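The values are calculated or read from the model by the stated rules, or taken from the named source; none is laboratory data. What you see is a predicted model, and the numbers here were worked out from it, not measured in a lab. Here Cβ is always computed from backbone atoms with ideal geometry, including for glycine, and neighbour counts include all displayed protein chains. Heavy atoms of the whole protein, side chains included, go into the accessibility calculation; ligands, DNA and RNA do not. Shrake-Rupley method; radii C 1.70, N 1.55, O 1.52, S 1.80 Å.
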Amino acid sequence: MNFRKTFIEWLFDKSQKIYTNMFKKHEPWGIYKNELLTYPEDSIGKHLGLFLDKNNFELISKVERHDAYHTITGYGTNVEDEIGLQCLCFGNGKRSLYLYGAIILGIIILPDYYKYYYKSYCIGKNANSFHHYDYKKLLKVSIHEFRQVIFSKKQVNLIHMKYEQI
């Protein structure tokens, strides 16, 4: 991994802890990966558990919704996907200091992915609004049906394209 990506990962790690402690005042979900893995096969919760298991993660307290975004959109956890996901969310209407910071720094530090970021923004802009949902209440909803409500078939195909192809 090149220095720029390593630097962004370090920034994400440090800033996430500060942001969560200072700005996130709501209660954590109190749900863990093993519980999510027991949810119905087609549910958002089950797919969230599989995402966490695949990446050897647990939900991050107070920012659990971020991992739900990964699950719903299919974006990975590498640096460019994390920034792409923030761009998609920005296009969808989400606003936060963290999101602004991730996008601005991502574009400045990794400008070679600009087309990917822009394509992600466009997908979010053209999708039905999804950033405002209480995902804890949606964990037993069918992920496939939820995606059909949010994204067109064309958008789903774009989401699954690798950034190298965009």
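The largest accessible area among LEU110, LEU50 belongs to the first residue in LEU50, LEU110, and the rest follow in falling order (1.4 Å probe, all chains). Please enumerate, by chain and number, the aspartates and glutamates with C-alpha under 18 Å from the C-alpha of LYS119, excluding those fewer than 8 residues away in the same chain. LYS119 reaches GLU80, ASP81, GLU82, GLU164. Computing FRET efficiency as 1/(1 + (r/R0)^6) for LYS14 and HIS144, where r is the C-beta to C-beta distance and R0 is 30 Å, gives about 0.25.
Tell me, what % of the accessible area of the stretch 27-158 is carbon and sulfur with a 1.4 angstrom probe? Each step should come with its number before you reach the end.
Working: 3630 of 6610 Å².
Using a 1.4 Å probe with all protein chains present, the stretch 27-158 comes out at 55 percent carbon and sulfur.
Could you sort out which of LYS14/LYS62; LYS25/LYS115; LYS46/LYS137; LYS62/LYS154; LYS14/LYS46 sit more than 23 Å apart by Cα distance in this structure? Can you show the working numbers first?
On the way: LYS14/LYS62 16 Å; LYS25/LYS115 35 Å; LYS46/LYS137 13 Å; LYS62/LYS154 32 Å; LYS14/LYS46 29 Å.
Violating the 23 Å Cα-Cα cut-off are LYS25/LYS115; LYS62/LYS154; LYS14/LYS46.
Counting every pair of alpha carbons in the chain, the share spaced more than 27 Å apart comes to 22 percent. Straight-line reach from LYS136: taking Cα to Cα under 20 Å and skipping same-chain neighbours fewer than 8 places apart, the aspartates and glutamates in range are GLU27, GLU35, GLU41, ASP42, ASP53, GLU58, GLU64, ASP67, GLU145.
Taking the solvent-accessible surface of protein heavy atoms with a 1.4 Å probe, what is the per residue accessible area of the chain in Å²? Spell out each step's value before the answer.
Details: 9290 Å² over 166 residues.
About 56 Å² of surface per residue is accessible.
Any idea of ILE108's accessible area? Nearest 10 Å², probe 1.4 Å. Per-residue accessible area (ILE108): approximately 120 Å².
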